[in-house]
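Here is the structure we will look at, set down as structure tokens.
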Amino acid sequence: MPNLCVISINVNDMDQAKQFYCDILGFEISKVYDEQLISLKHEGISLILQKCDRRANTDYPHEAQVIIGIETADVNAAIKNYKSQGVEVIIEPPKPCPPGLYSAIRDPFGNVIELLEFTE
């Protein structure tokens with residue numbers, strides 16, 4: 001059986017990525033390998049910021065893509081907080097899903113991140 005060991009997030013500006021993923025989302029850097037690869041502190045699966053050439057241009061939720069989900073206790077408060085920091089909110093108001101509610105935001109590189117509030 002396969003075992004997931006890492007999630008890589010491609011970003012085309014590492015300084016902007018550190019600002020977004022650390023200052024806005026709240027992750028901490030665990031290791032800087034070089035200017036192309038940074039590991040973020042996260043329990044379980046490793047989370048990596050990896051430098052790429054250009055921004056993604058996906059049509060969420062209509063195109064195939066891998067989406068990261070972040071758990072939040074209050075999705076409405078999370079949306080309000082992220083909007084106040086200039087983050088693009090894709091789904092507002094939150095929509096129901098089998099385990100509760102969800103919304104989605106987009107990072108500065110076009111990657112989609114779903115916000116999940118578990119109520120079940």
Distance in nm between pseudo-label sites at ASP15 and ASP34 (7 Å out along the Cβ direction from Cα): 2.1
Where Cα atoms sit under 20 Å apart: lysine pairs in the chain separated by 8 or more or lying on different chains: 9
Computed over the chain: longest principal axis from alpha-carbon atoms vs helix 75-84 long axis, angle to nearest 10 degrees, is 60
Compare SER39, SER103, SER30 in a GNM of the chain, Cα atoms joined below 10 Å, and give the one with the largest fluctuation. SER30
Could you check which residue among ASN57, ASN12, ASN81 shows the biggest mean-square fluctuation in a GNM of the chain with a 10 Å Cα cutoff? ASN57
Given 0.36 nm per residue, what is the gain on full extension from LYS41 to VAL6 after removing their alpha carbon distance, in nm? 11.4 nm
Using all C-alpha to C-alpha distances in the stretch 1-54, build P(r) with 5 Å bins and read off the rounded percent in each one. 5, 21, 31, 24, 12, 5, 2, 0
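No lab work stands behind these numbers, since they all come straight from the coordinates. Just so you know, these numbers come straight off a predicted model, no measurement behind them. Every residue, glycine among them, receives a Cβ derived from its backbone with ideal geometry; neighbour counts consider all protein chains shown.
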